Structure formats: structure tokens, C-alpha cells
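These notes are about the structure you will find just below.
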Amino acid sequence: MKLYEFPTSGNCYKVRLALAQSGHAFERREMGRNDGSVKSPDFLRVSPSGRVPALEIKPGQVLVESSAILFYLGKGTALLPEDAFHQAEVVRWMSFEQDSVLPTIAIARFIKKMLGVPKDREGEYAAARAAASGSLKIMEEHLEGRSFFVGERYSIADVSLYAYTHLAPEAAIDLSPYPNVLAWLARVKAQPKHIEIYG
């Protein structure tokens, strides 16, 4: 397998983490954000949309979109529950991540870490940081009395949510008001074959 990715991207990190924990051998192909490599003819043959992460399973068989890749990697492993209800719950929380974590924590981190909060994006940055509190509150309440997000077992739902949530401090988002979230982050980090985003 070949993973085409931005090494600092949380969406790409999700896939790297799931690859490592599901035991798949893979080759990393790091793409540049600003060097035009994602628009090169070679890459567009792999991912016609020019988007990463892109996982080339074999020549001519490529998956894009982190949630789809996680579902593929989790199938048949301990990372994806076998029963239909818990699988649906996994999809629910992965959808929540895309709808409520990505537009808040991830966007605030991008504007601060990657762009340095330029003047013309100060309002967007402030709004994303403020909205993140709502997402974190939902996570905090759900984790009350729970170890993980679905069925009391570590799954791709946790992988998905962990990626950007653990990077919230890079967006100057304080996680201390969310002790359940902090405890959960520590449990995820303690899982076998865990890797760091900057590793």
C-alpha cells in the first residue's frame, strides 16, 4: 500500500495511525502543500481530485477521504465492531468529527499553526475557536462514564476523533475544562502500536 499525504495533516495522520494499528505494511509518499505536487499529472492519475490522504491499495485501486479509508482499514480487525448497531455508532462519531471537529479545532489549528493568523482571517480563527467549545462539550458529556466512544472498546471512531482533538493546543484551545476528553486522549495514546503525528 502507498499512502499519499501531508505529514502535518490530521486527516492524513488518522490514516497513518490506523495503518500502523491494523498491521498493514505501507509506504509513505509525502506531498507538499504549496509545491504543486498534488496537481501533478502523476498524482492526478492516482487521485483525480488532487486530494490527500489517498491510499493506493494496489495499482488502479485507490481510496480517498479519511473516513472511507479508516472504514476499509478497520474491516476485519479489532478497530471496527462486528455488530451493525456499533458499526452505525462508529459512522455517527466519524460524521460528528467531520461536521463538528474539522470545522472548529482543525480550522483554528490550520489558521494559527500553518498561517500564523493573518489579519484577514482573525475573525474566522476566533469563530472556529469559540465553536470548538460546543464540540468538546458534546464529547465531554458522551465520555462521562465511558472509556471510548463506541461500545467500550477502542475503534476507528476514536482514531478519527483523536487526530485533531489532541492537536487542539496548537490552535490555542485549552482542553483543561474537559477532563473526560483529556483522560480519553491519554487512553488513546496508550493503545498498542500508537504513533505520533510528527513521528
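Details
- Other residues within the sphere of radius under 13 Å centred on the Cβ of Lys39, judged by their own Cβ, net out at +1 (K and R +1, D and E -1).
- FRET efficiency estimate (nearest 0.05) - Cβ-Cβ, Asn180 to Lys75, R0 25 angstrom: 0.30
- Measuring gaps between exposed loop sites in the chain (GluC sites (Glu not before Pro); DSSP loop; at most 13 other Cβ atoms within 10 Å), the longest gap, sites not included, is 1-81.
- What the Cα convex hull of the chain gives, in volume per residue, is 120 Å³.
- Net charge contributed by nearby residues that have their C-beta within less than 15 Å of Glu5 (K/R +1, D/E -1): +1
- Computed FRET value (nearest 0.05) for Arg92 with Arg187, which takes r as the C-beta separation and R₀ as 22 Å: 0.65
- Calculated log₁₀ intensity ratio I(q)/I(0) where the Debye formula runs over C-alpha points of the stretch 105-199, q = 0.13, 0.14 Å⁻¹: -0.47, -0.54
- The phi-based Karplus calculation (6.51 cos²θ - 1.76 cosθ + 1.60; θ = phi - 60°) puts the 3J(HN,Hα) values of the stretch 46-62 at 7, 10, x, 7, x, 9, 10, x, 10, 10, 8, 6, 7, x, x, 10, 10 Hz, whole numbers, x for Gly and Pro.
- Helical segments meeting 27 Å axial Cα length and Kyte-Doolittle -0.5 threshold in the chain (DSSP H): 122-142
- Over 21 Å (Cα to Cα) - which of Lys14/Lys193; Lys39/Lys75; Lys14/Lys119; Lys2/Lys113; Lys2/Lys75 fall in this group: Lys39/Lys75; Lys14/Lys119; Lys2/Lys113
- In this structure the amide hydrogen of Phe148, modeled in the peptide plane, comes within under 5 Å of the amide hydrogens of Arg153, none closer than 5 places in sequence on its chain.
- Counting Cα-Cα pairs of the stretch 2-74 in 5 Å increments starting at 0 gives whole-percent bin shares of 3, 18, 32, 28, 14, 5, 1.
Just so you know, all these numbers are worked out from the coordinates, no wet-lab data involved. Everything numeric in this text was worked out from a predicted model, so none of it was measured. Cβ: placed from backbone, ideal geometry, glycine included. Neighbour counts: every protein chain shown.
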